[in-house]
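Everything below concerns the one structure shown next.
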Amino acid sequence: GTVNKSIKSLIADGYLDEKMKPTEKAVCQFENNRPKNAIILAAGFGMRMVPINMETSKGLLEVKGETLIERIILQLHEVGVTNIYIVVGFMKEQYEYLIDKYGVNLVVNSDYASKNNLHSVKRVLKHLSNSYVIPCDIWCAKNPFSRSEFYSWYMVTDQVDDDSTVRANRKNELVSVSNERGGNAMIGI
């Protein structure tokens, strides 16, 4: 019954025609919600990873034979996101090969030592528009990105974190939880 009601609603709202094909309105909606670009934050020291990253920037560390940042770039490419800005700072020279290899844009945050990720985002503010904002030091087994995003989201794991005050409910919505309960660990995408 739920499926039939949903289909009738999509037809009534003009997203499906009588043959169950997407209408021009649906295609337009899909195109308007296509991610335009990605911003990868790679400027900081990565203090949580010391001493592992003393000679290699955190985004260039390898997991299962792949550098973290290259895996992110390839996952973005899989869903058609090729306009990628990487905000660099600490060991910024190590990221330059990505320009030729993947056609990314490097944006330098020279204040990385004294300011946080919000300052890095400010450096690319003019490029924010249906954007993925991603830390460079994550590894996702399954591609978390999509060709279309109909709402903003923030990635969390099912791992419980006593310092977190949010949890994903059954509808995959983030809801507040009491401090005693512990929430989901946040990933940062």
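The set of residues from the range 133-174 being more than 20 Å from the chain's Cα centre (by Cα) and aliphatic (A, V, I, L, M) comprises just one member, V160.
Taken over the range 164-181, residues that are of a type in the set (D, E, K, R) and in contact (Cβ under 8 Å) with a residue 12 or more places away in the chain amount to 2.
Answer yes or no: is there a residue in the range 7-14 that is within 17 Å of the chain's Cα centre (by Cα) and of a type in the set (D, E, K, R).
So far as the range 7-14 goes, no, none of its residues is within 17 Å of the chain's Cα centre (by Cα) and of a type in the set (D, E, K, R).
Of the residues I189, I134, which is within 16 Å of I84 (Cβ to Cβ), without any contact (Cβ under 8 Å) to a residue 60 or more places away in the chain and of a type outside the set (F, W, Y)?
I189 is the lone residue from the list that is within 16 Å of I84 (Cβ to Cβ), without any contact (Cβ under 8 Å) to a residue 60 or more places away in the chain and of a type outside the set (F, W, Y).
The rows are residues; the columns are (1) touching a strand residue (DSSP E or B) at 6+ places or on another chain (Cβ under 6 Å); (2) assigned to a loop (DSSP other than H, G, I, E, B); (3) within 16 Å of N37 (Cβ to Cβ); (4) aromatic (F, W, Y).
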residue: H77; (1), (2), (3), (4): no, no, yes, no
residue: V81; (1), (2), (3), (4): yes, yes, yes, no
residue: V87; (1), (2), (3), (4): yes, no, yes, no
residue: I99; (1), (2), (3), (4): no, no, yes, no
residue: L106; (1), (2), (3), (4): yes, no, yes, no
residue: Y151; (1), (2), (3), (4): no, yes, no, yes
residue: Y154; (1), (2), (3), (4): no, yes, no, yes
residue: K171; (1), (2), (3), (4): no, yes, no, no
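A single member of K122, K142, K115 is part of a helix (DSSP H, G or I), over 20 Å from F30 (Cα atoms), of a type in the set (D, E, K, R) and open to solvent by 40 Å² or more (accessible area, probe 1.4 Å), and it is K122. Scanning the range 1-33 for residues that are assigned to a loop (DSSP other than H, G, I, E, B), at pLDDT 90 or above and open to solvent by less than 90 Å² (accessible area, probe 1.4 Å) gives D13, G14, Y15, D17, T23. Only one entry of N143, N179 meets the criterion of being farther than 19 Å from V87 by Cβ and touching a helix residue (DSSP H, G or I) at 6+ places or on another chain (Cβ under 7 Å), and that entry is N143.
Taking E93, is it in a loop (DSSP other than H, G, I, E, B) and not small (G, A, S)? Considered against the rule, which asks whether it is in a loop (DSSP other than H, G, I, E, B) and not small (G, A, S), E93 comes out as no.
Note on the range 159-189: among residues that are among the charged types (D, E, K, R) and at pLDDT below 80, the one that is least open to solvent (accessible area, probe 1.4 Å) is R181. Applying the condition of being open to solvent by 70 Å² or more (accessible area, probe 1.4 Å) and of a type in the set (D, E) to the range 42-88 and asking which residue is modelled with the highest pLDDT yields E78.
The values are calculated or read from the model by the stated rules, or taken from the named source; none is laboratory data. The structure displayed is predicted, hence computed values, not measured ones. Reconstructed Cβ throughout: ideal geometry from the backbone, glycine too, with neighbour counts over all protein chains shown. Each accessible area value is taken on the protein alone, full model and side chains, heavy atoms only, with ligands, DNA and RNA left out. Shrake-Rupley method; radii C 1.70, N 1.55, O 1.52, S 1.80 Å.
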